[in-house]
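The values are calculated or read from the model by the stated rules, or taken from the named source; none is laboratory data. This one's a predicted model, so the numbers in the text were calculated from it and none came from an experiment. Cβ coordinates were reconstructed from backbone atoms using ideal geometry, including for glycine residues, and neighbour counts include every protein chain displayed. The protein model used for the area step is the full one, side chains on, heavy atoms only, and it has no ligands, DNA or RNA in it. Shrake-Rupley method; radii C 1.70, N 1.55, O 1.52, S 1.80 Å.
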Amino acid sequence: MNNSYILLRHAYSKFSSDDFNRTLSEKGFSSLDQLEFLNSFNIDHYFSSPYKRAFETINSSPIQFDKIVLDNRLRERKLSSTFIKDSEFEDSIKYLWQNPSESLSEGESNQDALARVLNFLMELEERYSEKTILLSSHGNLIGILLHHFDSSFDYEKWEQMTFPDCFLIDRNGIVKRIMKD
């Protein structure tokens, strides 16, 4: 790879049926100070999911940036066209991890979500060289991408991700969790 990528999972958000405009919760906003360590990475470019909670995680944090570019390929993966109850959410995600080519009703499979985000990474690889690029996105998509680079990143590791959380994929494709506990 030509670049290093910091994958930033958004902070806690308020529940809303309007997934696109879901804002960070008070707990989410108060957790953003812990992202200050990212300034030491000398990040060259910032990209975010257009979903409000992912954008707010960068924009409201102490991370110093020039501009944030929104890209729809970093959006949350669509699980289903029908509402998934909280009690069914974990089982649905586990099923999709175990069956990456499967999708729920009119949803996006892990393979489809991976193809979408890899298309974006390939574009960044063609455009930039020897840069550090931050991508603010969502746990599902980040987990799927991490699994692509490190097959040991599985459903159980996805479950352990925090809000926010940060991972580095270096130029050798090595994945490392960098979030300070």
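Tabulated values for the structure
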| read-out | value |
| --- | --- |
| Options E123, E156, E130: the member that is open to solvent by 40 Å² or more (accessible area, probe 1.4 Å), out of contact with any His (no Cβ under 6 Å at 6 or more places or on another chain) and at positive phi | E130 |
| Residue match in the range 31-39 (condition: crowded, with 19+ Cβ neighbours inside 10 Å and in contact with a Gly (Cβ under 8 Å, 6 or more places away or on another chain)) | no |
| Of all residues in the range 67-86 being without any contact (Cβ under 8 Å) to a residue 60 or more places away in the chain, part of a helix (DSSP H, G or I) and not basic (K, R), the one that is nearest to W158 (Cα to Cα) | D86 |
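Quick grid of which residues meet (1) at positive phi; (2) touching a helix residue (DSSP H, G or I) at 6+ places or on another chain (Cβ under 9 Å); (3) part of a loop (DSSP other than H, G, I, E, B):
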{"site": "Y5", "(1), (2), (3)": "no, yes, no"}
{"site": "R53", "(1), (2), (3)": "no, yes, no"}
{"site": "E56", "(1), (2), (3)": "no, yes, no"}
{"site": "F65", "(1), (2), (3)": "no, yes, yes"}
{"site": "E88", "(1), (2), (3)": "no, no, no"}
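Quick grid of which residues meet (1) closer than 26 Å to N3 by Cβ; (2) basic (K, R); (3) open to solvent by 30 Å² or more (accessible area, probe 1.4 Å); (4) touching a strand residue (DSSP E or B) at 6+ places or on another chain (Cβ under 7 Å):
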position	(1), (2), (3), (4)
F55	yes, no, yes, yes
N72	yes, no, yes, no
R77	yes, yes, no, no
F83	no, no, yes, no
E90	no, no, yes, no
